[in-house]
Structure formats: C-alpha cells, structure tokens
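Where a number appears in this text, it was derived from the coordinates with a stated rule and is not lab data. Keep in mind the model is a prediction, meaning the values are calculated, not measured. Cβ atoms come from the backbone with ideal geometry, glycine included; neighbour counts cover every protein chain shown.
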Amino acid sequence: MPDSRASRSGLLLAIGAYGLWGFLPAYFLLLTPSGAVEIVAWRVVLSLVFCVALLAVTRAFLPFAAVLRDRRIMVLSLAAGILIAVNWTVYVYGSTNGFIVEAALGYFINPIVTVALGVLVLRERLRPWQWVAVGISVAAVLVLAIGYGQPPWIALTLAFSFGVYGLLKNRMGPRVGAVAGLTLETAWLTPLAVVVLGVLASAGELTMGREGLGHVALLGLAGIVTAVPLLLFAGAARRLPLTVMGFIQYLAPLLQFAFGVAVMGEPMPPERWLGFALVWLALVVLTLDAVRHRRRTGAVRVPEVAAG
C-alpha cells in the first residue's frame, strides 16, 4: 500500500506541476502592460527571494553551502542560468505577443531535441524507432517553416535552450536539487536583473506600482509561480516511474496549445495542423519505443519537458 499511496501522490504532484506550467501564458497575459524583459527580471529576483526563504525554512543552507564550494557546479549553474534566462524571455515574449501556439510547439519538440543532443554531445546511439521519431520531427519543422513562411524560431529557440539546459542539469548531477539549482541560477542572474529594472525605472518604463494593486500583487507572485511547479515536479519525479512522467509531460504544451487556439484565437491553417500532427506522431513513436525498451531492459530514460 505505501507504493500505491506514493504513486497516487506522485500523479497528483505531476499533474499539478504540468498543469501550472500549462496555464503560464494566461498568467503572463494578466501582467500586461509589463513587457517580457521586465517580467523576466522580476521573475529572477523574486524567485531568488522565494528560494532563499525555502532554504531557510527547510534548514538546507549547509548542503547548499557545500555545493557552492564545487567550482564545476558553479560554472555549470552559470551556463544553466543564462540558458533559462533566454528560455524565459522568449517564452514570455511569445505568450504576450500572439505566439502561444508556437511556444507550445517548442515544448512538444523538446523531447526530440533532447534525444538529438544525446547523439551529438554525449555520443549516444539511437535505436531505430528513435531515428524514425527524429526524422518525422525534421519533416514537421520543414512543413511548419513552409506554413509560417520562415522557420518557427520561437519554438526552436525554446526547444534547444531548454534541451541544452536539461543537459547541463544532468551534468550537475543529483547533488543539486530543484531548489538549490534554481537558487544558484537566479543568484547568477539577479545582478543583471536588478540593473535591467533600474534602467527601466530611469527610463520611466517600469510598470510595477503604476498599474494598480492587482497588477502589483500578480507581478509579486512571479517567484512563487516559477518555483512551485519545479518543487511539485521534483516531488513527482521521486515517486513515479519515468515512463509515467514521460506521458504526463505533454499536459503542459497541450494546455498551452488549447489556450492559444480556443481562447486566444491564434490561426491554425491546414499546414500548421499537418506540422503539429507530425510532431505528435513523432512523440507517440518516441514514447512507445521508450516503453518497449523498458519492458526489455527494465530501465528507460524518457526525455522530460517543463514549460516556461
């Protein structure tokens, strides 16, 4: 029974994490007229404040201090911080400028990018069906590029920035948990974020405090909105098999896609539907291959995604 309870709680945590990530575009739209750069700057600063508070409450400063003495982890966390800043900025820009569907596409493509990075960087060998999934994904991007009239840059930037970010997190190893990792990354970025906020304030373009108390409250939640899904995800990952996490991970981009099409009315001409259908087919092939491989070997690594 303990395993059953752990699975149920893990499932709820995973749905909570990916569900919250799925509704991020709606949250960012509520922050209008704040621009992507200001939102990300506040997100960095407030995430650091929230994470430091969590470290204090959980009395995790000693293990965190030990991580600070590891030069390799510090360098990797700096690189990860830069990548997550790029990812956040592009995602917020897409969410607030009518590209929610394309942003969702980025997180659908991300598992394929993770597999490709394994080949290019880690020299891993792909199984035949993984090659099929990669090939279908390449065809999907070509179809979407024709449909958009240019490559889907927002989707590709999100997919590759988060894919390389995941690779760096993998290299950091299990010593660095979700809170410690986000603390390090936002600590590196906070000086730049403070400078950005100062420049916006001096130019009279800072929206914090100028759009009413509701806007202040929503913007002030940026740290919690950033950190809570990561904590839920970390809890789920400890309780659920990777294959289950691999299926649930598509909840976030599905919700984003549905929000973009059904609520925001973003256009979906036939060629875009075809491109998305090819991406979804590639994900089905990739996931089924991972499940089959697990049944044969008892181990599987399903690429995981997070959104925004």
Quiz item: Gain in length, residue 216 to residue 295, computed as 0.36 nm per residue apart minus the alpha-carbon separation, to one decimal in nm?
Solution: 23.4 nm
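What does the charge add up to near residue 173, with Lys and Arg as +1, Asp and Glu as -1, over the other residues with Cβ less than 13 Å from its Cβ? Mind dumping the intermediate values first?
Values: positive: 72, 169, 171, 175; negative: 70.
Counting the neighbours of residue 173, the net charge comes to +3.
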Self-check item: log₁₀ of I(q)/I(0) at q = 0.07 Å⁻¹ - the chain, Debye sum with one point per alpha carbon
Solution: -0.27
Quiz item: Over the range 70-188, what relative contact order in percent results from Cα pairs under 8 Å that are six or more residues apart?
Solution: 49
Quiz item: In bins 5 Å wide, starting from 0, what share of all Cα pairs of the range 244-283 does each bin hold, as a percent?
Solution: 6, 20, 24, 29, 14, 6, 1
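What is the range 1-135 by shape, rounded, prolate or oblate, if you read a ≥ b ≥ c off the alpha carbon gyration tensor as root eigenvalues and call it rounded for a/c under 1.5, prolate for a/b larger than b/c, and oblate otherwise? Kindly include the intermediate steps, with their values, before the conclusion.
Values: a/c = 1.29, a/b = 1.07, b/c = 1.21.
Rounded.
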Quiz item: Do you know the relative contact order of the range 141-267, to the nearest whole percent, from alpha carbon pairs under 8 angstrom that are 6+ apart?
Solution: 17
Self-check item: Pair residue 53, residue 123: separation of 7 Å Cα→Cβ label points (nm)
Solution: 4.7
Quiz item: At q = 0.11, 0.17, 0.24, 0.26 Å⁻¹, what is the log10 ratio I(q)/I(0) for the range 31-109, with the Debye formula run over Cα points and no solvent?
Solution: -0.42, -0.84, -1.11, -1.18
Quiz item: Hey, got a sec? Which GluC sites (Glu not before Pro) in the range 183-239 land in a DSSP loop and have at most 10 other Cβ atoms within 10 Å?
Solution: none
Practice problem: Taking the Cα atoms of the range 49-208, report the difference between the largest and smallest coordinate on each principal axis, in whole Å and largest first. | Solution: 48, 45, 23
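Only helical DSSP H runs with n ≥ 4 go in: add -39500 (n - 2.57) per run for the chain, normalise by residue count and round the 222 nm mean residue ellipticity to 500 deg cm²/dmol. Intermediate values should be presented prior to the final figure.
Numbers: 14 runs with 240 residues, N = 308.
That comes out to -26000 deg cm²/dmol.
For every other residue with a beta carbon closer than 14 angstrom to the beta carbon of residue 52, add +1 if it is Lys or Arg and -1 if Asp or Glu, then tell me the sum.
Cβ neighbours under 14 Å give a net charge of 0.
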Quiz item: Quick one: 172, 268, fewest Cβ neighbours within 10 Å first, how do they rank?
Solution: 268, 172
Quiz item: Taking only the alpha carbons of the range 64-145, what extent do you get along each of the three principal axes, in Å, biggest first?
Solution: 48, 39, 16
Practice problem: Would you mind checking which residues have amide H under 5 Å from residue 124's amide H? H placed 1.01 Å from N; only 5 or more apart, or other chain. | Solution: 119
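Fewest first, what order do 146, 39, 112, 136 take by the number of other Cβ atoms within 10 Å?
Working: 146 14, 39 23, 112 26, 136 19.
Ordered from fewest to most neighbouring Cβ atoms within 10 Å, 146, 39, 112, 136 come out as 146, 136, 39, 112.
With the contact rule set at Cα under 8 Å and sequence spacing of 6 or more, what percent relative contact order holds for the chain? Mind showing how you got there, number by number?
Values: 410 pairs, mean separation 124.0, N = 308.
Over the chain, the number comes to 40 percent.
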Quiz prompt | Neighbour cut-off at most 11 other Cβ (10 Å), DSSP loop, trypsin sites (Lys or Arg not before Pro), the range 34-107 | solution = 59, 69
